[in-house]
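The values are calculated or read from the model by the stated rules, or taken from the named source; none is laboratory data. These numbers come from a predicted model, not from an experiment. When we count neighbours, we look across all protein chains shown, and the Cβ atoms used for this are built from the backbone with ideal geometry, even at glycine. Heavy atoms of the whole protein, side chains included, go into the accessibility calculation; ligands, DNA and RNA do not. Shrake-Rupley method; radii C 1.70, N 1.55, O 1.52, S 1.80 Å.
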Amino acid sequence: MDAWTQPAFILDTLPRGVLVTDSQWRVQYVNRAVSETLACAAGELTGKTLPEIAESFGGRDQSGEAGHFVEKIIAGPPETVLVQTVVVRVPERKFLRITVQRHATDAGTSGYVFLIADVTHQGEVEEMKNEFISVASHEMRTPMTSIKGSLELLLGGYAGELPDEATELLGISLTAVDRLVRLINDLLDISKIESGKMEFHLEPMDMNDIVRKSMRSLRSLAEAHRVSIQAEYADTLPTVLADRDHLEQVITNLLSNALKYSPADSQVSICVSSAPAAARVTVSDQGPGIALDQRDRVFDRFTQLHGAKKGTGLGLTICRAIVPEHGGRIWVESKIGHGAQFIFELPAASD
């Protein structure tokens, strides 16, 4: 009896798609749900590699996202569990949540398991919500910029000298407007990234230089929090392919987050180092730390953990979106009472 006969009977009854490959990404098994979701027979998939399937699938998948997803996971195979929602057209438009995880057998063979769930309804609702946020943010940014400019003119003496009480109130208003402008800009960035409309211009970069430039913009914020920033640079470091502006945004967000959670008169450190075939950046604080059950939540939208000063709650979400676009990964390590370390790595640029 074929080793897959009994498991296949069980797996074919599942509503969620199951696809199994070997270590060379050649498909060994697909269940009935995969065939129904992708509108093709199992024989069109088994025995072929994922790149071969993506190429033949391209004519039906008008969005091209399936091909991009395959390229991404082959270029950087997941070490743990990877979950991503992909939009495909087969021929109708569908949102698929794909979970990828490495597997190994007692015989010493290994490969990958793909779980594929049709989440079209949830995806369409999320898309409408994102579109609303994007439009609303665009509409709010212009008047907010105008209000900010007017307040700065008044505080600068454009309308003459103001009473102390009026100056204080205008200062409070300007602080609130600044926070709203940051929130609007962060919402627009999230919307662009999730819709695939944010452009990335990757060029060979030195991570040391990017960190140095990012730190200069944070001096006043560090002074306001009464926290010092200590930097450590690598003597030898591989060049990375990066979009300078977006990578500076990641570093700035990580440092700003560390400053928010750090007590007064403490220190935040940023360390640039080499990792296997990658450049690594580690941002450490001396804050309260993050509980194990909350580590996965810190990258979610609008998450504000206990002990934080006010912020938009989107900085880490943006980091988590930008780093994978560079082929890298980002994670957090922490112990309660011993601060937190946010770490990201970008692969070394090929020669």
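Would you indicate which of [x] 1.55; [y] 1.18; [z] 1.02 is the value of Cα Rg over 2.2 N^0.38 Å derived from the coordinates of this structure? For Cα Rg over 2.2 N^0.38 Å, the calculated option is [y]. Estimated at 0.36 nm per residue, the fully extended path between S173 and S350 surpasses their Cα-Cα distance by 58.8 nm.
Site pair T120 and Q230 shows an inter-label distance of 5.7 nm when each label is modelled 7 Å from Cα along Cα→Cβ. A simple spin-label model places pseudo-atoms 7 Å from Cα toward Cβ; at V181 and R216 they are separated by 2.1 nm. Couplings 3J(HN,Hα) for region 241-254, derived from phi with the Karplus relation 6.51 cos²θ - 1.76 cosθ + 1.60 (θ = phi - 60°), are 8, 8, 8, 4, 4, 6, 5, 4, 4, 4, 5, 4, 5, 5 Hz, where x marks Gly and Pro. Evaluated with a Cβ-only charge set (Lys, Arg +1; Asp, Glu -1), region 219-351 carries a dipole of roughly 500 debye about its Cα centre, given to the nearest 20.
Between T46, T167, T99, the GNM of the chain built on Cα springs shorter than 10 angstrom shows T167 fluctuating the most. For the chain, the longest principal axis of the Cα atoms and the long axis of helix 120-155 meet at an angle of about 10 degrees. Spatially close Lys pairs in the chain, defined by Cα atoms under 21 Å apart and a spacing of eight or more places or different chains, total 15. Computing FRET efficiency as 1/(1 + (r/R0)^6) for S110 and A75, where r is the C-beta to C-beta distance and R0 is 22 Å, gives about 0.75. Here the accessible area is traced with a 1.4 Å probe on the protein chains. For region 139-293, carbon and sulfur cover 53 percent of it. Coupling constants for region 30-46 follow from the phi torsions by the Karplus curve (6.51 cos²θ - 1.76 cosθ + 1.60, θ = phi - 60°), and in residue order they are 9, 8, 4, 4, 5, 4, 5, 5, 8, 6, 8, 6, 4, x, 6, 10, 5 Hz; glycine and proline get x.
Over the chain, DSSP H runs of length four or greater, each weighted -39,500 (n - 2.57), average out per residue to a 222 nm ellipticity of -13500 deg cm²/dmol. Considering only Q249, Q230, L202, the residue lying farthest towards the positive end of the dipole of the chain is Q230, judged by Cα position with unit charges set on Cβ. You can think of it this way: the chain between T46 and R295 has 85.9 nm of extra reach, that is 0.36 nm per residue less the Cα-Cα gap. Shape class of region 77-181 from the Cα gyration tensor (axes a ≥ b ≥ c, square roots of the eigenvalues): prolate, since a/c reaches 1.5 or more and a/b is larger than b/c. For region 178-186, 3J(HN,Hα) computed residue by residue from phi via the Karplus equation (6.51, -1.76, 1.60; θ = phi - 60°) reads 4, 5, 5, 5, 4, 4, 4, 5, 5 Hz, glycine and proline entered as x.
Pop the C-beta distance of E203 and L153 into the FRET formula with R0 = 35 Å and round what comes out to the nearest 0.05. With a Förster radius of 35 Å, E is 0.35. Anisotropy class assigned to region 162-251 is oblate, per the alpha carbon gyration tensor with a/c at or over the 1.5 cut-off and a/b no larger than b/c.
Under 5 Å from the amide H of A278 lie the amide H atoms of A348, each residue being 5 or more positions distant or on a separate chain, with H modelled from the backbone and absent for Pro and chain starts.
Dipole of the chain computed with +1 at Lys/Arg Cβ and -1 at Asp/Glu Cβ about the Cα centre; of V177, G289, S274, farthest Cα towards the positive end is G289. Under a Cβ-only charge scheme (Lys and Arg +1, Asp and Glu -1), can you give me the dipole magnitude of region 19-164 about the Cα centre, in debye to the nearest 20? The calculation lands at about 400 debye. Rounded to the nearest 20 debye, the dipole magnitude of the chain is 420 debye, with +1 charges on Lys and Arg beta carbons, -1 on Asp and Glu beta carbons, and the Cα centre as origin. Maximal additional length on extending the S23-Q101 stretch stands at 26.9 nm, based on 0.36 nm per residue less the C-alpha distance. Name the shape class, rounded, prolate or oblate, that the alpha-carbon gyration tensor gives for region 216-351, where a ≥ b ≥ c are the square roots of its eigenvalues, rounded holds for a/c under 1.5, and otherwise prolate holds if a/b is larger than b/c and oblate otherwise. Prolate shape, in that a/c is at least 1.5 and a/b is the bigger ratio.
For a paramagnetic label modelled on E333 (point 7 Å from Cα along Cα→Cβ), amide N atoms under 17 Å away belong, within region 76-93, to 79-80.
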